[in-house]
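Structure first, commentary second.
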Amino acid sequence: MAQTEAASPHTMNTYGRLPIALSHGQGVYVWDTAGKRYLDALAGIAVNTLGHNHPKLVPALQDQVAKIIHSSNYYHVPNQEKLAAKLVEISGMSNVFFGSTGLEANEGAIKLARKFGHDKGIERPEIVVYEKAFHGRSIATLSATGNEKVQKGFGPLVEGFIRVPLNDVAALKAATAGNKNVVAVFFETIQGEGGINPMRVDYLQQVRALCDQNDWLLMIDEVQCGMGRTGKWFAHQWAGIKPDVMPLAKGLGSGVPIGAVVAGPKAAHIFGPGNHGTTFGGNPLAMRAGVETLRIMEEEGLLANAVKVGDHLRAALTRELAGEKGLKEIRGRGLMLGIELTVPCGELLARAAETACC
Ligand SMILES: Cc1ncc(COP(=O)(O)O)c(C=O)c1O
């Protein structure tokens, strides 16, 4: 098993899917349509923060669906303000714009950086981005992404990005030296799709200082590494720093599509009426999902749990994979762990899918 299957006849052929369809879930488990149970380590690609069928989330969403799903940003959405206030509290930042996906949050960040530059008289703003980064699949975010496979076939790419290697302050300084067009530095604290590559704590602190010295925005994509996955609300908090702009999505809505751009004081008032908008972003259903997700995470101590279960998982993986041919490194933080192999991972994946059933 675990070979990928050809696409269905009517959906576009964009995914190499496993031959598994999931019918339902409960907590950390999911069942396929043949009744086989799996431990869900994928969590919908870092989305199902509360697991499946959570006893507090489900009734809250049912209640919301019965009241109002969507209204539009022409009206006030009370839970938008509530969720924004909570995000401000846990991030120490100041204002939030809501969208529906990670790429949309990152598009918002890129627009903020460009307008930040234009407002200062910089006509051709440039943003520093990173090798192996992943920021999404819209034309701007795939241009910021550091993966040629994602970009191939979609040129011309959006200009205005300068690419540097991870964790290398000298390279960042060299790439930006004398360049008055630089407006922002943009990265994931722990790269997800690029292979679980963490930025070092001292590097994060040095980049924060460089951004302050140069009046650049520090923009940290916490779409995948945020929302408690590493044991803090946001992974950069392990370094004791604050970004100026922080895109979020994925786990913020426990499965209901949601995105957010959180801005600190330096970026909070760059957009004015008419500069940015979206139909679905901030809708009552997504906002309720976000409010309940954060409330339940706090009630159930899920940050501490991510550290505890992450430590257990790392220890177990280290023990069980010891001596395994092709194992290079196990790295990451909390429940955001990656296993780097020097051999193709298909066989290991197949074994995991076979044995995950318990
Ligand atoms: C770090 C990061 N940013 C952005 C995205 C794009 O999010 P979405 O797929 O919701 O557009 C992803 C998706 O994997 C991601 O990992």
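The values are calculated or read from the model by the stated rules, or taken from the named source; none is laboratory data. Since the structure is predicted, the reported quantities are computational estimates derived from the model, not experimental observations. Cβ coordinates were reconstructed from backbone atoms using ideal geometry, including for glycine residues, and neighbour counts include every protein chain displayed. Surface accessibility is based on the protein's heavy atoms, side chains included, excluding ligands, DNA and RNA. Shrake-Rupley method; radii C 1.70, N 1.55, O 1.52, S 1.80 Å.
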If N is the number of residues in region 228-358, what value comes out of its Cα radius of gyration divided by 2.2 N^0.38 Å? 1.36
What is the packing order of peptides 94-105, 16-27, taking the mean over residues of other C-beta atoms within 10 Å and listing the highest first? 94-105, 16-27
Could you check the simple spin-label distance between Met12 and Ile162, using points 7 Å along Cα→Cβ, in nm with one decimal? 3.4 nm
Cα gyration tensor, the chain - rounded (a/c under 1.5), prolate or oblate: oblate
Lysine pairs in region 208-340 with Cα atoms under 18 Å, if 8 or more residues apart or on separate chains: 4
Span from the region 109-155 Cα centroid across to the region 17-35 one, whole angstrom: 36 Å
What order, most packed first, do the peptides 180-186, 50-56 have when packing is the mean number of other Cβ atoms within 10 Å of each residue? 180-186, 50-56
Keeping the other protein chains in place, figure out the carbon and sulfur percent of the accessible area of region 102-205, with a 1.4 Å probe. 52 percent
With all protein chains present, region 249-358 has a carbon and sulfur share of its accessible area (1.4 Å probe) in percent of 59 percent
Please identify, among Met287, Met219, Met12, the residue showing maximal mean-square fluctuation in a Gaussian network model of the chain using a 10 angstrom Cα cutoff. Met12
May I ask you to derive the relative contact order of the chain, considering only C-alpha pairs under 8 Å and at least 6 residues apart, and to give it as an integer percent? 21 percent
For region 23-85, report the accessible area per residue in Å² (1.4 Å probe, heavy atoms, rounded to an integer). 63 Å²
Average accessible surface area per residue within region 153-218, 1.4 Å rolling probe, Å²: 44 Å²
